[in-house]
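*Asks:* For reference, the structure I am asking about is given below.
Laboratory data are not the source of any read-out in this text; all were calculated from the coordinates shown. What you are looking at is a predicted structure, and each value in this text was computed from that prediction instead of being measured. Glycine gets a Cβ as well: all are built from the backbone with ideal geometry, and neighbour counts include every protein chain shown.
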Amino acid sequence: MAQNLEEQFKEEKPEEKMIERISSPLKEEIDLPIPNEFTEVDYHPFQIDFTNRKIRMIPTSPIATSTRKFMKLHPDFLISGVIEADSTITTVSSSASETNLDTYTIPLNSISRNDSVTETAGNVIRISASGTYSTANATDTVTIRVGNGSAPTTEWNSMISTAASVTTQPWNLVWTGIFSAIGSSGTLEAQMTGRINNVNKDDPNTATLTVSTVANIVLAITAQWSNALSGNTISIRQFLIELLN
């Protein structure tokens with residue numbers, strides 16, 4: 001009796017028969033090859049580079065121009081956010097020559113701007129850096145610069161330590177640049193806040209900077225000591241770059 005009830009219950013499932021009747025005629029119609037959204041251009045104009053964690057556009061030539069109404073239109077399209085996070089410790093010591101602490105290259109034509117109808121702000125680059133320093137005496141100082149190009153860099157902003165005898169004291173800075181125009185004579189509004197040995201060293205700009213966005217932009221942080229003494233050392237421990245909308 002139990003077996004008969006079970007068989008009867010199985011047969012009394014009209015919804016299953018309805019589903020089967022509806023789906024059967026459509027099987028051939030929907031059984032089509034599904035396009036690969038990661039590789040097929042007709043399906044999607046982007047490719048996902050899992051190795052480098054990037055979204056790459058299919059076009060093989062830069063398409064960011066002064067008249068484009070979109071941002072960061074480049075074959076190496078980068079999602080807005082962190083593009084460099086370096087914890088390599090680099091030390092500059094016993095040298096009065098300007099020396100790189102760290103650098104990062106933004107490829108040409110990677111910078112664009114927003115449509116002026118909807119937004120007046122362009123791409124934003126933000127650099128955050130920090131480290132420690134020590135001095136050989138109470139009179140020597142160190143200059144930290146942010147600029148374009150390896151040392152000696154084309155300075156955008158800088159800060160100088162206050163003369164003091166210190167051992168392994170902190171320094172840090174946040175530099176922000178907004179591109180208001182692009183091209184061979186692009187314009188950049190740059191400001192920097194910073195501290196050395198817990199003393200404010202903010203460096204404001206009162207005029208825009210001229211930067212070519214059709215050439216590589218080498219973001220650099222450099223250090224230069226006032227005297228080449230063995231006790232004068234400065235190290236960078238964190239170097240973070242963000243490209244923002």
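*Asks:* Work out how much length S95 to A207 would gain on full extension: take 0.36 nm times their residue separation and subtract the Cα-Cα distance, in nm to one decimal.
*Replies:* That works out to 37.1 nm of additional length.
*Asks:* In terms of modelled amide H atoms, which long-range or inter-chain residues lie less than 5 Å from the amide H of N157?
*Replies:* Close amide H contacts, sequence-distant or interchain: V146.
*Asks:* Please give the net charge around N157, taking every other residue with its beta carbon less than 15 angstrom from that of N157, where Lys and Arg add +1 and Asp and Glu add -1.
*Replies:* -1
*Asks:* Also, quick follow-up: Would you pull out the residues with amide H under 5 Å of I217's amide H, same chain only if 5 or more places away, H placed 1.01 Å from N?
*Replies:* Excluding prolines and chain starts, which carry no amide H, the hits are I106, L108.
*Asks:* Whose amide H sits under 5 Å from the amide H of T90, counting only residues 5 or more places off or on another chain, with H placed in the peptide plane?
*Replies:* For T90, whose amide H was placed from the backbone, the distant partners under 5 Å are I236.
*Asks:* Can you give me the distance in nm between label points at Q191 and E242, each placed 7 Å from the Cα along the Cα-to-Cβ direction?
*Replies:* Each label point is offset 7 Å from its Cα along the Cβ direction, giving 1.5 nm.
*Asks:* Oh, and also: Could you work out the relative contact order of segment 80-244? I mean the mean sequence separation of Cα pairs under 8 Å and 6+ apart, divided by the number of residues, in percent.
*Replies:* Normalised by residue count, the contact order of segment 80-244 is 42 percent.
*Asks:* Oh, and also: How large is ³J(HN,Hα) for each residue in segment 167-184, as worked out from phi by the Karplus curve 6.51 cos²θ - 1.76 cosθ + 1.60 (θ = phi - 60°), to whole Hz, x for Gly and Pro?
*Replies:* Those phi angles translate into 9, 6, 9, x, 9, 7, 8, 10, 10, 10, x, 10, 7, 9, 8, 10, x, 5 Hz.
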